[in-house]
Amino acid sequence: MTEPAGTMLAVSRLQHRFGSGPDAPTAIGDVSFEVRAGELVCIVGPSGCGKSTLLRTVAGLLSPTGGEVVLHGERVTGVSEDLAVVFQDYSRSLYPWLSVAGNVEFPLRTRLGKAERRARVAEALGMVGLGGQGGKRPWQLSGGMQQRVSIARALAYRPALMLMDEPFASLDAQTRADLEDLLLRVRAEHRTTILLVTHDIDESVYLSDRVLVLSKSPATVLKTLDVDLPVERDQVVTRGSAEFVRLRTEVAKLVHS
Amino acid sequence: MLRRVVRGVIGFAGFLLVWELFSRSGVVREEFLPPPTTVFARLAVLLTEPPFVADVVATVLAWLIAVVIASAIAVPLGLLLGSVPSVAAASRALVEFLRPIPSVALIPLVIVLLGVGPETKITLAVYASLWPLLFNTIYAMSEIDPVQVDTARAFGLSRSRILWTVQLPHAAPFVMTGVRISASIALILVISTELLAGGSGGLGQVIFDAGAGGGRMDIVLSATLVAGVIGFLGNAALEKVQRRWLGWDDQIDAGR
């Protein structure tokens, strides 16, 4: 898909409070940011700062109490058709009664004909390195492979914007590194626009074109950092570079301030 | 698997042997507790007699109809009550009151209302077997993982589509367990009603007629045995369906 280079997602003055009345806890104070087409933006912030609430609001799963979300020019009310979400809990997000292929096909069922669905499923599973595993059940796979299935499901849907909520937080370090690189590769090949929430500072710098640092709850944007690292990233070389260390230190200071 | 079958057979054979020895020991009169050899011989004769076979069919048919009706009422109702919290709260008091009433206590009332035809035993069996099915279905709906629903919502599925493609498959194993519990309760109610109400045939009536006055215990035990086999086969069939179609449920539990 070739989107014109421009703004894919515009979030302006977004607020979210749980419940109503003057004492209702505020999760998101006042958040504005943009994601350009083809960009990978990470949102990072201290635990409990409202990152996930922010993502759920952008996804339309929660209604904002103030402000607005605009996805390629259209104001989002409710759940947009053009989004796909990858959740942290892959084991809970995949349906155990469906096969791996059935899970990837699931959101396409009402949208595409059978032949095209099959082709998309095969392509998406191939992209995440699970070609030939479509007949298995999700619970027969390891955690890392299950999360690959979730990613394949989101890719097969071909969303304008892919939202990822701490997608690698439940994985061991090695698997996490593998999936980070997989995400970068898939994204380079398909120009997918991605907004990813994480609490892992290094991960946010490693993956991003830009990092959005949120304050403690109620969340506001403390700072936006452009990540000027080479597009080709490498778990060892990139993470050892002076620029990476400088950026991660700056993000860490902001997160812990 | 084979070992389990062999052990089951050994256990069963042991039970029959103890029964045989006890009956023939003279502790009780043999007419009152006939040994299994006598009972099986009687059963072999009974199964060739059309009236007895008709009674078996009457019981099985009433039982099947009751289970189907109970499922047709309880499952949709459970889905509704389970997915609309305000409706669930409104109905809870009534349900909590009705549920503990032993259904057998309602037999005289239903006989007065409906007579002694098959509809009486079916009605009572439906009433009694409704509850476990209803509760299992409501529980399944309330217990669904919100991430499963959110995933479907995030992909833009409508509420009704989520009900069919996420909530129903999720609830299916719980519902199936409910059907199995309900089926065993329905069989008890069908036979109890036949026994107490009479009139509409069935194994319960065979047992009552043969047992009146301490008469033909070989027939009583034959009919009882048939009732047990019906219940066993019914449960085995449902278990097989559950394993074949809903096997994923066992698998994930084992994997956790």
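The values are calculated or read from the model by the stated rules, or taken from the named source; none is laboratory data. Since this is a predicted model, take the numbers as computed values, not measurements. Virtual Cβ from ideal backbone geometry, glycine too; neighbours counted across all protein chains shown. What goes into the accessible areas is simple: the full protein's heavy atoms, side chains included, and nothing from ligands, DNA or RNA. Shrake-Rupley method; radii C 1.70, N 1.55, O 1.52, S 1.80 Å.
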The Cα extents of the stretch A:69-127 along the principal axes, largest first and rounded to whole Å, are 35, 29, 21
Summing -39500 (n - 2.57) over every DSSP H run of at least 4 residues in the protein assembly as shown and dividing by its residue count gives a helix-only mean residue ellipticity at 222 nm, to the nearest 500 deg cm²/dmol, of -19000 deg cm²/dmol
With +1 at each Lys and Arg Cβ and -1 at each Asp and Glu Cβ, the charge dipole magnitude of chain A around its Cα centre, to the nearest 20 debye, comes out at 700 debye
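Tell me, what is the Rg over Rh of the stretch A:181-257, with Rh the Kirkwood radius over Cα pairs?
Taking Rg over the Kirkwood Rh, I get 0.97.
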With +1 at each Lys and Arg Cβ and -1 at each Asp and Glu Cβ, the charge dipole magnitude of the protein assembly as shown around its Cα centre, to the nearest 20 debye, comes out at 420 debye
Total charge of the residues flanking B:Phe135 in space, meaning their Cβ is under 14 Å from its Cβ, with Lys and Arg +1 and Asp and Glu -1, is +1
The distance between the Cα centres of the stretch B:58-80 and the stretch A:225-243, in whole Å, is 64 Å
antiparallel share of DSSP beta bridges within the protein assembly as shown, to nearest 5, in %, is 50 percent
Taking N as the residue count of the protein assembly as shown, its alpha carbon Rg divided by 2.2 N^0.38 Å gives 1.35
Lys and Arg at +1, Asp and Glu at -1: neighbours of A:Pro96 with Cβ under 9 Å from its Cβ sum to 0
Note: the stretch A:1-131, point scatterers on Cα, Debye, no solvent; log10 I/I(0) at q = 0.19 Å⁻¹ equals -1.21
hull vol. (C-alpha, convex hull) per residue for the stretch B:30-75, Å³ -> 106 Å³
Distribution output for the stretch A:99-244: share of Cα-Cα pairs per 10 Å bin in percent, first bin at 0, values 10, 37, 33, 16, 4, 0
Longest principal axis of chain B (C-alpha) makes with the long axis of helix B:85-98 (C-alpha) an angle, in degrees to the nearest 10, of 20 degrees
For the stretch A:1-71, the percent of accessible surface on carbon and sulfur atoms (probe 1.4 angstrom, ligands and nucleic acids excluded) is 50 percent
Plugging the Cβ-Cβ distance of B:Val53 and A:Glu189 into 1/(1 + (r/R0)^6) at R0 = 60 Å yields, to the nearest 0.05, a FRET efficiency of 0.30
Binned at 5 Å starting from 0, the alpha-carbon pair-distance distribution of the stretch B:1-110 in whole percents comes out as 2, 9, 8, 10, 11, 11, 13, 11, 9, 8, 5, 2, 0
Net charge near B:Leu80 (other residues with Cβ under 14 Å of its Cβ; Lys, Arg +1; Asp, Glu -1) is +2
In degrees rounded to 10, the 0-90 angle between helix B:50-83 Cα long axis and the longest Cα principal axis of chain B is 20 degrees
Taking the convex hull of the alpha-carbon atoms of the stretch B:47-255 and averaging its shadow over every direction gives an area in square nanometres of 14.3 nm²
Between the Cα axis of helix B:2-24 and the main Cα principal axis of chain B, the angle (0 to 90°, nearest 10) is 40 degrees
Here the Kirkwood hydrodynamic radius of chain A, Cα-based and in Å, equals 18.8 Å
For A:Lys216, counting only lysines whose alpha-carbon sits under 25 Å away and dropping same-chain residues fewer than eight positions off, the answer is A:Lys51, A:Lys253
